[in-house]
Amino acid sequence: MKLQRKIFEQLEQLTTEEQNYRSARIDGLTISGCLKLINREDRSVASAVGKEIPYIARAVKLVTEAFQRGGRLIYVGAGTSGRLGVIDAAECPPTYGTSPLMVRGIIAGGRRAVFKSQEGAEDSERNGMADVRKLGINKKDVVCGIAASMRTPYVRGALREAKASGAKTILITTNPRRKLNELQYAPVKRAVDVAICPVVGPEVIMGSTRMKSGTAQKLILNMISTTAMIRIGKVYGNMMVDLKTGSRKLKERAKRVVMISAGVGYEEATRALGKAGGHVKTAIVMLLRNVQAREARNRLHEAGGFVRTAIGRKTV
C-alpha cells in the first residue's frame, strides 16, 4: 500500500499527468471542435522541442562518437516510448544502410509489447537492467532511455546498468529538467549524461502521453538519428546515399538520387549503379569524377565514406 501511495504522489506531481484546463470540456465538442483543439495543442510541441536543441546537440555528439568508434545506439522504453524507439531503430538499416545491430530498440515486455500492450512490464527495474546486460553494453555504446514520466522503473534500471557498464547515457522525458534535482529522482540524474526535457504541458486527454509527449519524443528521435547519420557520411546534400535497395521502390529511389546528384538521365544512372554493384555512393563518385568503380570506392574509403570529400568538394 505504501508503494502504491508513493507512485500516486509521484504521478500527481508530474506535468504529464496534470489536467489540461483547455480541453476540460472536450467531451462536449463536435468532431471538428475536438480536432481543432487537438491541433492547437500539437502546435506547441515543435516549439518545446526547439528549446531543447542545445541538449539534443550534446546527445547527437555522443551518438556520433559512438558510431565512429564502432559502438551502438540502444533505445530503451516502455509502452509508446518503447515503440517509438523500436520504430526509429528499425528504419535506420533501409534508410542509411546500417547494420541492424548498430541501432537497436528494446521495449519492456519484449517483442510482443510492440504490438500489444503489456501492462506492468514497465514496473520492473531489474528487467531493465537484465535486458541491457543481455546486449553486452560497454563503453563504446550509447543507451538512450525514453520515458515521458521520467520515473519509469524499467528505463531507470536500464540506464543505471548502462552507466555502470561504462556506456554514455541519454534520457528523453517530457517533464521539466528541474525535477531531476529532487531527491526522489537522484538515481536517475546520476545515471544520465544528457537529459532532453521538452515541456509539452498536460495532454489533451489527461495522462495520455501517446499524444503530445509521444509526438515530442518522435521529433527528438528523428533529430538524433538523422543528424548522427549525416555526421558519419550517410547523406550527400539532403539525400540518403547509403540506402539499401531491397525493394522495387528503393531501387528506383536510388536511381533518382544518382540522377539528381550527378545530373544524369535515368539510363546513365541505371548503368552506373550496375557497375557500382548497386552502391549509390560509388555510382555518384564514378559519375562526378569520371572514374571507374574501383577508384570511386578507394576515394570513398580515403574520405571516410563522405561523398562530398571523395569528389573534392568543400563542406559548409
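What the table below lists for this structure:
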item: Hits in segment 223-235 (condition: open to solvent by 20 Å² or more (accessible area, probe 1.4 Å) and either over 30 Å from residue 198 (Cβ atoms) or part of a loop (DSSP other than H, G, I, E, B) (or both)); result: 232, 234
item: Residue among 252, 268 that alone is farther than 22 Å from residue 90 by Cβ and open to solvent by 50 Å² or more (accessible area, probe 1.4 Å); result: 268
item: Hits in segment 60-74 - residues which are at negative phi and of a type in the set (Gly, Ala, Ser); result: 66, 71
item: Spans of strands (runs of 3 or more DSSP E) in segment 46-156 with at least 3 residues among the β-branched types (Val, Ile, Thr); result: 103-107, 142-146
item: Selection status of residue 254, over 14 Å from residue 150 (Cα atoms) and assigned to a helix (DSSP H, G or I); result: yes
item: Breaking point among (1) outside any helix (DSSP H, G or I); (2) in contact (Cβ under 8 Å) with a residue 60 or more places away in the chain; (3) within 25 Å of residue 17 (Cα to Cα); (4) over 17 Å from the mean Cα position of the chain (by Cα), for residue 184; result: (1)
item: Filtered residues of segment 165-175 (kept if of a type outside the set (Ser, Thr, Tyr), touching a helix residue (DSSP H, G or I) at 6+ places or on another chain (Cβ under 9 Å) and open to solvent by 10 Å² or more (accessible area, probe 1.4 Å)); result: 168
item: Segment 46-63 residues that are under 11 Å from residue 194 (Cα atoms), paired with ones that are open to solvent by 30 Å² or more (accessible area, probe 1.4 Å) and polar (S, T, N, Q) (beta carbon under 7 Å, 6 or more apart); result: 60/227
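Table: residues versus (1) open to solvent by 50 Å² or more (accessible area, probe 1.4 Å); (2) of a type in the set (A, V, I, L, M); (3) under 26 Å from residue 66 (Cβ atoms).
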| site | (1), (2), (3) |
| --- | --- |
| 201 | no, no, no |
| 237 | yes, no, yes |
| 257 | no, yes, no |
| 289 | yes, no, no |
| 293 | no, yes, no |
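The values are calculated or read from the model by the stated rules, or taken from the named source; none is laboratory data. Values in this document were obtained by computation on a predicted structure and should not be read as measured data. No Cβ is skipped: glycine too gets one built from the backbone with ideal geometry, and neighbour counts run over all protein chains shown. In case anyone asks, the SASA skips ligands and DNA or RNA and just uses the protein heavy atoms, side chains included. Shrake-Rupley method; radii C 1.70, N 1.55, O 1.52, S 1.80 Å.
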